[in-house]
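Let me begin by presenting the structure, written as structure tokens, before commenting on it.
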Amino acid sequence: MEMTWLTFINSFWTDWRGRDKGRDRLEEEEWFRTFLEKGNIKLNEPYTSELVEDLKHVRHEMSEVVRRLVNEELIRKEDMLKMNQWLAQGTYIRQIEQKENQFELITLPLDSSLAQLKAQIIASFVEALVEGQYKRIKICDNPDCRWVYYDTTKNRSKRFCDDKTCGNLMKVRRHRAQKKASDL
């Protein structure tokens, strides 16, 4: 399953320890180029502040939809309309490929515009929704992190993006708060 949308939505990095305000990796051209490369996405537009602002808007809208899903709310009609508008801007062709003894239907973008990039990101997100995987989309319980992650546990009980970082930190905070309360 392609998770381009997940990398994109987490492009705003926050310090999970609460020591830093965070940084927006969309504003880092090197990170952005790596994101495109890893996602096998072509973009023939220059990296500009306008492009970054446009993508920040898309990320914000996606974040609101994810927040609603995690809170078990319905996606608003205006959100669906917006996603459909972004999807409509993408143009694709489909091709069949054979890998050993299996066939695969692949979708290839026809252009490398910003509109196509947004359509690819939204399509990646919508695929997760359509396949019923939205129930596995979570937001880290660490208030300093708020990372969006995909819960792969069998019973969907994972609360933190990473048990070794955020999970341990929250256990330590809870323990210290209990100790402080019992000392009073």
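The values are calculated or read from the model by the stated rules, or taken from the named source; none is laboratory data. Fair warning: this is a prediction, and the values are worked out from it, not measured in the lab. Here Cβ is always computed from backbone atoms with ideal geometry, including for glycine, and neighbour counts include all displayed protein chains.
Among the conditions (1) of a type outside the set (A, V, I, L, M); (2) surrounded by 15 or more Cβ atoms within 10 Å (Cβ to Cβ); (3) in contact with a helix residue (DSSP H, G or I) (Cβ under 6 Å, 6 or more places away or on another chain), the only one that residue 45 does not satisfy is (2).
Residue check: is residue 137 within 21 Å of residue 7 (Cβ to Cβ), in contact with a strand residue (DSSP E or B) (Cβ under 8 Å, 6 or more places away or on another chain) and in contact (Cβ under 8 Å) with a residue 40 or more places away in the chain? Outline the logic, then answer.
Numbers: within 21 Å of residue 7 (Cβ to Cβ): yes; in contact with a strand residue (DSSP E or B) (Cβ under 8 Å, 6 or more places away or on another chain): yes; in contact (Cβ under 8 Å) with a residue 40 or more places away in the chain: yes.
Spelling it out, residue 137 is indeed within 21 Å of residue 7 (Cβ to Cβ), in contact with a strand residue (DSSP E or B) (Cβ under 8 Å, 6 or more places away or on another chain) and in contact (Cβ under 8 Å) with a residue 40 or more places away in the chain.
If the condition is being charged (D, E, K, R) and either surrounded by fewer than 13 Cβ atoms within 10 Å (Cβ to Cβ) or modelled with pLDDT under 95 (or both), then region 48-63 contributes 50, 53.
Here is a yes/no grid of residues against (1) buried (at least 16 other Cβ atoms within 10 Å of the Cβ); (2) over 20 Å from residue 137 (Cβ atoms); (3) of a type in the set (Gly, Ala, Ser):
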| position | (1), (2), (3) |
| --- | --- |
| 8 | yes, no, no |
| 23 | no, yes, no |
| 26 | yes, yes, no |
| 75 | no, no, no |
| 79 | no, no, no |
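Annotation: of all residues in region 135-173 being crowded, with 16+ Cβ neighbours inside 10 Å and in a helix (DSSP H, G or I), the one that is modelled with the highest pLDDT is 166. Against the criterion of being polar (S, T, N, Q) and in contact with a Lys or Arg (Cβ under 7 Å, 6 or more places away or on another chain), residue 107 qualifies.
Considering only region 41-66, state which residues are outside any helix (DSSP H, G or I) and within 16 Å of the chain's Cα centre (by Cα). Before you say what the answer is, go through the steps one by one.
Here is the first cut: in region 41-66, the residues outside any helix (DSSP H, G or I) are 41-48.
Scanning region 41-66 gives a single hit, 41.
Of the candidates 95, 102, 85, the single residue that is surrounded by fewer than 18 Cβ atoms within 10 Å (Cβ to Cβ), among the polar types (S, T, N, Q) and over 25 Å from residue 35 (Cα atoms) is 102. Residues of region 94-134 being touching a residue at least 24 places away in the same chain (Cβ under 8 Å), outside any loop (DSSP other than H, G, I, E, B) and more than 17 Å from the chain's Cα centre (by Cα), which ones? 109, 114, 115, 116 - these are the residues of region 94-134 that are touching a residue at least 24 places away in the same chain (Cβ under 8 Å), outside any loop (DSSP other than H, G, I, E, B) and more than 17 Å from the chain's Cα centre (by Cα). Under the condition of being within 10 Å of residue 145 (Cβ to Cβ), buried (at least 18 other Cβ atoms within 10 Å of the Cβ) and either touching a helix residue (DSSP H, G or I) at 6+ places or on another chain (Cβ under 7 Å) or at pLDDT below 75 (or both), the residues counted in region 10-21 number 1. The lone criterion from (1) at pLDDT 85 or above; (2) of a type outside the set (Asp, Glu); (3) farther than 18 Å from residue 81 by Cα left unmet by residue 130 is number (3).
Close Cβ contacts (under 9 Å, 6 or more residues apart or on different chains) running from residues in region 70-93 that are at pLDDT below 95 to residues that are surrounded by fewer than 12 Cβ atoms within 10 Å (Cβ to Cβ) and not acidic (Asp, Glu) comprise 90/110; 91/110; 92/107; 92/108; 92/110; 93/107; 93/108; 93/110.
Given the structure, is residue 52 over 24 Å from residue 142 (Cα atoms) and in contact (Cβ under 8 Å) with a residue 24 or more places away in the chain?
On the way: over 24 Å from residue 142 (Cα atoms): yes; in contact (Cβ under 8 Å) with a residue 24 or more places away in the chain: yes.
For residue 52, the condition - over 24 Å from residue 142 (Cα atoms) and in contact (Cβ under 8 Å) with a residue 24 or more places away in the chain - is met.
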